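Asks: Questions regarding the structure given below will be posed in turn.
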Amino acid sequence: MPSNRLAVRRQRASRCAGIAGIRRFGNGFLEQGSQVMIRRSLHIARDTAGASAVEFALLAPILLVLAVGIAEFGLVLNNYVMLTTGVADGARTLSLSRGSSTPFTTTVNTVKSSANNLAGSSISVTVKVNGTACTTDTTCQTALSSAAGQAAAVTATYPCSLIVMGVNYLPSCTLSATTQEMIE
């Protein structure tokens, strides 16, 4: 009979467990709700099922900024290569323009057309013949006529921006390229 009473108590305890926050364990003891919560919390703390998702959520923004930064730097480097190519073509054109009536205009147009991926209006071109700057076709033609064997230099500048996720890392960035050729 005593075992019957114990069975009845166990039945009542298991029915009331959901209401009162009491939990029954295999050894016959009952445990209060706060202890159950502590055990569940410890079980959750040991669980590593979502760890990789949390790690990804923490590292994804950093990796995204890094990837966009690398791409932006690649674009700036490409602009520099295009500018250098345009300046080299312009210097070669200037060195061969001794008999031309429009050496300055031809040189500037050559630089801008060779750097076709850059905005031509943003390219600033400086032309020097034997160390003296010439800014018009007439002054360049006069300087070139008596400068055979001397240096013809072309310098160009182009503004660049290294903006990654709204942050400008080089606010006063300007690409610059200079090439000298011997006047023929």
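Asks: So between Glu55 and Ser41, what do we pick up on full extension, going 0.36 nm a residue minus the alpha carbon distance?
Replies: Extra length from Glu55 to Ser41 when fully extended: 3.0 nm.
Asks: Let me ask something else. So for the pair Val68, Thr138, with labels modelled 7 Å out along Cα→Cβ, what separation do we get in nm?
Replies: Label-label distance for Val68 and Thr138, simple model: 5.2 nm.
Just so you know, all these numbers are worked out from the coordinates, no wet-lab data involved. Only a predicted model underlies this, so the values are computations on that prediction, with no experimental measurement involved. With ideal geometry, Cβ positions are generated from the backbone for all residues, glycine too; neighbour counts draw on all protein chains shown.
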